Every structure is written in structure tokens, then in C-alpha cells.
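Chemist: Let me begin by handing over the structure; questions about it come next.
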Amino acid sequence: MLSRRSVRIKVMQLLYMLNRDEQLGFPDVVKLYNDGIWQAYELYIFHLYLILKVSQQAEKDASNRAARLLPSEEDKTFVPRLYANPCIQSLAKHVDFLKIVAKNKADQDIDEDYLRKLYLAFDDTPEYKAYLTLENPSEDQDRKMILELYRFLTSQDLFNELTEERFNNWQDDESLVVGAIKKTIKAMPLEGPFYQEFEPSDETVREYGEQLLRKTCQEDQELFLLIDPTLKNWDAERVAVLDMIMLKMALCELLHFPTIPTKVTLNEYVEMSKSYSTDKSKEFINGILDRLMKRLIKEDRIVKEGRGLID
């Protein structure tokens, strides 16, 4: 699940923290990286568990309807299929998934009243009402309803508050997690260790991410000396801190990661600058990196191999 872009963003954020906090040392940053790199996976588990728990409110809804003194026709015919369907049940009865939930403490400190409010809000949607009228929905219809439930939940302030209480920087991993959840729902009913696909891999975490963090820190001055002559009319001291960090990371990637194509590096850091730096950063990063690449290629300083040879 963890993409190289998300790893780059985490490394950039940690390098910025290191730059701004004199009390922070390199070992602290490495520890923060290794702890934080699992956040997207833990968030994935948390959201999947919330889908399960909100769905489970359908059973309580059925009990409440049955207990009414004057039940309506809708109450009498209500079936808690949002929870009882085979797709959600494959998650509810998945012992290993529930063990991971417990291990990550995803099931702790969730206010039952929040779950009820989210369910009742979803209960009022036309999509859910239409689903309840189906006599014998197919697994495909069940999956579509669960996807609709997740889409609805992510649009709710209450759901986002629940998420932010545990993962204050979750927006950085949002697209990854949403994509992983959708892929998981589309694979329902679930069997086996389905979640392993989304665990951080050693290749992404250590061979790339940790090395990028380590190399950029260790060669900070050398990287600056390579960048400085390329700035031309720019005063190095007035370059935005994040822009300089991204330039150093990109240069480190060009020099020390032979399997990553130069165009990929250039495009990735230009895209990052759009979201994390100033309005002018895109053109600045693009221009400086383009000059650096041309110069270093001419000097035979950039050597690519394998996938890195792709233009």
C-alpha cells in the first residue's frame, strides 16, 4: 500500500522537523520514521474495523424496531442485512483480522454513541433504503452497498474526527488508505491473510525510505554545495526551507538510487512542491532540478540501471 510518494513525503516532513528542532537528533528522526511508516497500515485496519462496527449497528436497529409497541410496516420487514450479509460477516468472523485489530488497539476508546449516530445518518440515505428493499441481494450488491457506506463515512465530520483523534496527519495517507479499503471491499467475502498485501514492505521502507532519509542527512553539506552554484540569481539563504529540503532529497535520489528514472524523480518532487510549499515552488524546483540533472549527467555523476534506465 505504501507508495514511494508517501515515503518521500514522510522523509521530507522529518527532515523539516530536524531542521527546525535543535533538540532533535538523527537517531530520533530514524525512530520517528520507522514508527510513522506503519501509520497508513494501522489507519487501514482502523477504517476497516469502523466499517464493521457501523454495519453492526444494523443488528441493534433491528432489536429496537422489534421492541416498539406500535411497529410500522417498515419496522416489521426490516432485516439487518448491512451486517448480516456474507461480505461483512467474512470480516466479522475473520479471527486473524480481529487479532490484528486488538494488537493495534483499533477497538479501544470508540464511543458507541458515535457509531450509532453514523449508522442513523446512513440509514436516512436513499441508497441504503433502496438496498433494504431488495429481497435477496447478490454479493455484488452487498459489496456496492459497503463501498457506498465507506464513501458516506469518509464524507462525515464525525468519522473524520474519530480518525484525526488517532492519526493527526492522516490526510497524508488518505488516498492510499481509501484505495486499499476499496480494493479490500471489492475482494469480499474475505479469506486468508488479505491484509498482508497492505503491510509496509522492506523494499519500500528500508531499502528506499530509510536510506533516503539517512543519505540526505549524512550528505547535507555536500548536497548543498552541488545545489548552490545552480541557484544563479537566487540567494540560498532566502530559498524556502522545504524547497531546499526537496532539492537535497531529489539530488540524493538522482545520485544514490540507480533504479529510479531521472524523470520520475523530477516529476515526483515537482508534484510534492505543489502541495507542500509556496506558489512559486513548482517552477523553482523544476528549473533547479532540470539544470542539476543536465550538469550531473554531463559530468557522468548520474548512473542508472535496470528500471532506472527508463526515460
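The values are calculated or read from the model by the stated rules, or taken from the named source; none is laboratory data. Keep in mind that what you see is a predicted model, and the values were worked out from it rather than measured. Using ideal geometry, Cβ is built from the backbone for each residue, glycine included, and neighbour counts are taken over all protein chains shown.
Chemist: Please work out which residue is surrounded by the fewest Cβ atoms within 10 Å (Cβ to Cβ), limiting yourself to the stretch 156-177 and to residues that are more than 21 Å from Asn34 (Cβ to Cβ) and of a type in the set (Asp, Glu).
Modeler: For the stretch 156-177, the residue satisfying everything is Asp157.
Chemist: Within the stretch 231-304, which helices (runs of 4 or more DSSP H) (wholly inside it) include 1 or more residues that are small (Gly, Ala, Ser) and under 16 Å from Lys215 (Cβ atoms)?
Modeler: Where helices (runs of 4 or more DSSP H) fall fully within the stretch 231-304 and carry at least 1 residues being small (Gly, Ala, Ser) and under 16 Å from Lys215 (Cβ atoms), they are 241-256.
Chemist: Scanning the stretch 178-233 for residues that are among the β-branched types (Val, Ile, Thr) and more than 23 Å from Leu32 (Cα to Cα), which turns out farthest from the chain's Cα centre (by Cα)?
Modeler: Of the residues in the stretch 178-233, the ones among the β-branched types (Val, Ile, Thr) are 178, 181, 184-185, 204-205, 216, 227, 230.
So of that shortlist, the ones also more than 23 Å from Leu32 (Cα to Cα) come out as 178, 181, 184-185, 227, 230.
Details: Val178: 7, Ile181: 10, Thr184: 14, Ile185: 17, Ile227: 31, Thr230: 34 Å.
Ranking the candidates gives Thr230 first.
Chemist: To continue, here is another question. Starting from residues that are under 15 Å from the mean Cα position of the chain (by Cα) and hydroxyl-bearing (Ser, Thr, Tyr), keep the ones in the stretch 34-62 and report whichever is surrounded by the fewest Cβ atoms within 10 Å (Cβ to Cβ).
Modeler: Of the stretch 34-62, the ones under 15 Å from the mean Cα position of the chain (by Cα) are 35-48.
Right, trim to hydroxyl-bearing (Ser, Thr, Tyr) and you get 41, 44.
Values: Tyr41: 21, Tyr44: 24.
Filtering the stretch 34-62 for residues that are under 15 Å from the mean Cα position of the chain (by Cα) and hydroxyl-bearing (Ser, Thr, Tyr), the one surrounded by the fewest Cβ atoms within 10 Å (Cβ to Cβ) comes out as Tyr41.
Chemist: Only residues in the stretch 213-233 that are farther than 19 Å from Gln13 by Cβ count as the first member; pair them with residues that are outside any helix (DSSP H, G or I), Cβ under 8 angstrom, at least 6 apart or cross-chain, and list the lot.
Modeler: These pairs meet every condition: Leu231/Val239.
Chemist: Just to be sure I understand the filter: pairs with C-beta atoms under 9 Å, separated by 6 or more residues or on different chains, first member in the stretch 265-287 and without any contact (Cβ under 8 Å) to a residue 60 or more places away in the chain and over 12 Å from Arg5 (Cβ atoms), second member surrounded by 20 or more Cβ atoms within 10 Å (Cβ to Cβ) and aromatic (Phe, Trp, Tyr). Which pairs pass?
Modeler: Close Cβ pairs (under 9 Å, with a partner that is surrounded by 20 or more Cβ atoms within 10 Å (Cβ to Cβ) and aromatic (Phe, Trp, Tyr)) amount to Ser273/Phe284; Ser277/Phe284; Thr278/Phe284; Ile285/Tyr269; Asn286/Tyr269.
Chemist: Now, a different point. Can you confirm whether Asp123 is surrounded by 13 or more Cβ atoms within 10 Å (Cβ to Cβ) and either more than 27 Å from Phe194 (Cβ to Cβ) or among the acidic types (Asp, Glu) (or both)?
Modeler: Yes.
Chemist: Looking at the stretch 63-117, which of its residues are more than 26 Å from Glu139 (Cα to Cα), of a type in the set (Gly, Ala, Ser) and either at pLDDT 95 or above or surrounded by 11 or more Cβ atoms within 10 Å (Cβ to Cβ) (or both)?
Modeler: Once the filter is applied, which keeps residues that are more than 26 Å from Glu139 (Cα to Cα), of a type in the set (Gly, Ala, Ser) and either at pLDDT 95 or above or surrounded by 11 or more Cβ atoms within 10 Å (Cβ to Cβ) (or both), the stretch 63-117 yields Ala66, Ala102, Ala106.
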